[in-house]
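Working notes for the structure below.
The values are calculated or read from the model by the stated rules, or taken from the named source; none is laboratory data. Here the structure is a predicted model, which is why all the values come from computation and not from measurement. Here the Cβ positions follow ideal geometry from the backbone for every residue, glycine too, while neighbour counts run over all protein chains shown. Accessible surface areas use protein heavy atoms only, side chains included; no ligands, DNA or RNA. Shrake-Rupley method; radii C 1.70, N 1.55, O 1.52, S 1.80 Å.
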Amino acid sequence: MPATERRIIYRHIDEPGYTTDLVCYQRHGGYEILRKAIQRQPEELVQEVKDSGLKGRGGAGFPTGVKWGFLDRKSGKPVYLICNADESEPGTYKDRQIIYKDPHQLIEGTVLSAFAIQARLAFIYIRGEMFGGFTILERAIEEARAANFVGNNILGSGYSVDIIVHRGAGCYICGEETGLIESLEGKRAYPRIKPPYFPAVLGLYNCPTIVNNVETLCQVKHVLDMGGKEFAKIGVPGDSGTHIWGLSGHVAKPGYYEIESGKATVRDLLYDFGGGPPAGRTIKAIIPGGVSMKILRMGEKFKVKLPDGSPGEWGVLDIPLDSGSFAQCGTSLGTSGMIFMDDTTDMVEALANLNAFYAHESCGQCTPCREGSLWLKKITTRVCDGGGRMEDIDLVKTIADQVAGRTICAHGEAVAWPCQSNVPKFRDEWEAKIRAQIHAREHPEGAATTARTGLRLV
Amino acid sequence: MNLSEKTLKYIDGLIPRYPQKRSAMLMVLHAIQEEQGFLSKDAIEWTAQKLEVVPMAVYEVVTFYPMFRQAPIGRRHVKVCRTLSCALRGAYKVCDSLQHELGCGLGQTSADGNYTVEFVECVAACGSAPVVIVDDKLHENITPEKAPDFAAKIKKETTVSLPPSRY
Ligand SMILES: Cc1cc2nc3c(=O)[nH]c(=O)nc-3n(C[C@H](O)[C@H](O)[C@H](O)COP(=O)(O)O)c2cc1C
Ligand code: FES
């Protein structure tokens, strides 16, 4: 039986006739959950979110209720909520659909979450390139304010919250929550060191702050609708709810599919939803959830513990779509943006493309990340340009090993993981490529050139 | 600094919404760049005064964020995504083709001052790769085969009466 979608967050997205205005949203039951929830005690709502087991959808998968529980209430300082709408992890385009096609869902989720944590001011930090999304959100907030769903004394509850939509200006690092906070303070987006700067204690203006992803805030709305315990029944234990899988790269039908956690496999995603690889090709590698996650090579086998506790073995296509399963295979579902690469892909070029990205996006604060990402870019680019040396293979791995774990923020891991996984898994390709280059250099008269694949990923 | 009444009003409305003036930085800079096409030394000093910070505090922001620029560009700003999902579907060929058709090198402006073509990193539209942003509008599925026609469309829309690119 082919796997099916279960649309909760994306329920109305792309539905014919569904528009971004308030009237349409309310016709579909919009703001009814807020109407009920705002009569309850905020602590009860936090408890519902804890009970739901919801994990953040921004990439790190941190349990949302636990994060909210870290809020420093004793300081007496104002609490802020920030919606992370920077969506900048390559391969990820799920938040865009919500912002552009169902903005009121995000606003309702934001107001509900702000009420639960008792924030009086919320920000939606949207990436600068989404100019259209910015205007859509601004308009939607105006509508919501006019209808008293945002602003003063919401629905007569005595609770007030304003939402400011704030534009970024083209930096990946603004997605990192403490970089985002610095940026929102009007500075360079230099991430802060943790401890002591855990946002829940010392966040925006050194006040307690919660940063949540766009999709997370929408999931919260459904948690409060169903109740935490009901929500926890969706998906598999340890990873409740749905994931929105965004397929891209070498797949016949790229697109987004919302699937109950753990209820389908990579194979279902590729064949039932993605239509398989492009005609006549086979898939060689998959990056499961945004480019920073470790790559999987087709043919790899993983020794795993099956849900019933017995030992088992999975190939890449067998992996169920939930966070625990990907963790068992040495990678992570990250932002659930899955990139497919077929047999025409030069894996060295693919890595060089990513290394160029990280070198461009490193904020430059810490030496291992700034220098490491630049060296990695230079070395992989040189290998792509025909100047490869056998020792480059280990060099790339060694540099990556020295970046991970030695930086202020997780951008260091983002730099390192693609290298640390690509190099050992595709060592045969690296060696063959470099061997051919050495041969070509020693026999310049020979016809064998090291022409690039035409993909020219760098 | 000559800012239009409309932009001034917008900026004056914006700043008090934030708990601290300096937080309005990116929004103020966007507004000025949208009107003037780039951020001049005057604009940086004006913003510093407006937000009650030293000019250096504005300058370091302007030089950090890729969307801000300190020199004018062409009337149309063509940004081709070069990151993995787009590259796998031909973004580099698209970029070559657009440069050729619009008559400018990468990161440069055509001699007639009409077009600037640049590479940008992933713009969160990977499922409809390759993508190109022109000014503030996203164009999806611009494959290498479609690129020449796409360039022709941009050319047709571009007239000298158009003000320089604002985004
Ligand atoms: C380099 C880097 C970039 C990130 N980019 C984003 C992003 O674009 N959007 C996002 O929601 N989270 C991003 N994150 C994760 C955030 O730091 C943070 O964990 C997340 O917004 C928390 O929300 P959640 O708990 O709802 O997942 C990024 C993290 C790093 C290290
Ligand atoms: S890689 Fe081009 S939009 Fe994401």
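A few remarks follow.
- Longest site-free stretch - chain B; sites: GluC sites (Glu not before Pro), DSSP loop, at most 12 other Cβ within 10 Å: B:53-139
- Summed buried accessible surface, chains B and A, 1.4 Å probe, nearest 100 Å²: 4200 Å²
- The figure for A:M293 is an accessible area of roughly 20 square angstrom, using a 1.4 Å probe on the protein chains alone.
- Note on A:E32 and A:K233: the model spin-label points, each 7 Å out from Cα along the C-beta direction, lie 1.9 nm apart.
- Sum of side-chain charges, A:K233 neighbourhood, beta-carbon under 13 Å (Lys, Arg +1; Asp, Glu -1): -1
- Whole-Hz ³J(HN,Hα) from phi, Karplus 6.51 cos²θ - 1.76 cosθ + 1.60, for the range A:187-195, glycine and proline x: 10, 4, 7, 8, x, 9, 7, 10, x
- Environment charge of A:R297, counting only residues whose C-beta is closer than 11 Å and scoring Lys/Arg +1, Asp/Glu -1: +2
- Fully extending the segment from A:E313 to A:T19, taken as 0.36 nm per residue of separation minus the present Cα-Cα distance, adds 101.3 nm.
- A:R40 paired with B:K156, simple spin-label distance in nm, labels 7 Å along Cα-to-beta-carbon: 5.5 nm
- Interchain or long-range residues, amide H under 5 Å from A:K284's placed H: A:M341, A:D342, A:D343
- Heavy-atom accessible surface of the protein assembly as shown: percent carbon and sulfur, 1.4 Å: 54 percent
- Coarse-grained scattering of the range B:76-160 at q = 0.11, 0.17, 0.20 Å⁻¹, given as base-10 log I(q)/I(0) from a Debye sum over alpha-carbon atoms: -0.24, -0.57, -0.80
- Within 10 Å of the Cβ of each residue in B:76-87, the mean number of Cβ atoms contributed by other protein chains is 6.
- Relative to the longest principal axis of the Cα atoms of chain A, the long axis of helix A:411-425 makes an angle of roughly 40 degrees.
- Against chain A, whose longest principal axis is taken from its Cα atoms, helix A:42-52 shows a tilt of about 40°.
- With contacts taken as Cα pairs under 8 Å and at least 6 residues apart, the range B:76-160 reaches a relative contact order of 37 percent.
- Net charge of neighbours whose Cβ lies under 15 Å from the Cβ of A:E371, counting Lys and Arg as +1 and Asp and Glu as -1: +2
- Shape analysis of the range A:206-339 places it in the prolate category; the axes a ≥ b ≥ c from the Cα gyration tensor give an a/c of at least 1.5, with a/b above b/c.
- Separation between Cα centres of the range A:167-224 and the range A:32-94, rounded to whole Å: 12 Å
- The peptide list A:434-440, A:79-85, put in order of mean Cβ contacts within 10 Å with the highest first, becomes A:79-85, A:434-440.
- ³J(HN,Hα), Karplus 6.51/-1.76/1.60, whole Hz, each residue of the range A:155-171, x for Gly, Pro: 6, x, 7, x, 8, 10, 8, 10, 10, 10, 8, 10, 8, x, 8, x, 10
- Rounded, prolate or oblate (a/c below 1.5 giving rounded, otherwise prolate when a/b exceeds b/c) for the protein assembly as shown by Cα gyration tensor: oblate
- Counting Cβ atoms of other protein chains within 10 Å of each residue's Cβ and taking the mean over peptide B:114-125 gives 6.
- Difference of contour (0.36 nm per residue) and Cα-Cα distance, A:N206 to A:K305: 31.3 nm
- C-alpha long axis of helix A:347-361 to longest principal axis of chain A, angle in °: 50 degrees
- Calculated from backbone phi, Karplus (6.51, -1.76, 1.60) coupling profile of the range A:332-342 in Hz, x at Gly/Pro: 8, 7, x, 9, 6, x, 9, 10, 9, 10, 9
- Sequence-separation-based contact order of chain A, relative, with Cα cut under 8 Å and 6+ spacing, percent: 16 percent
- In plain terms, the chain from A:T4 to A:R139 could stretch by 45.2 nm, reckoned as 0.36 nm per residue minus the Cα-Cα distance.
- Taking amide H positions as modeled 1.01 Å from N, with prolines and chain starts lacking one, the residues under 5 Å from A:F123 and 5 or more places away or on another chain are A:L81, A:I82, A:C83, A:I164.
- Average beta carbon contacts from partner chains per residue of A:88-96, 10 Å cutoff: 6
- DSSP-defined beta bridges in the protein assembly as shown - what % are antiparallel, rounded to 5: 50 percent
- Percentage relative contact order, chain B, counting C-alpha pairs under 8 Å, at least six apart: 22 percent
- Prolate/oblate/rounded label for the range A:22-231 (Cα gyration tensor, a/c 1.5): rounded
- Cβ-Cβ FRET estimate between A:E445 and A:K378, R0 fixed at 22 Å, reported to 0.05: 0.15
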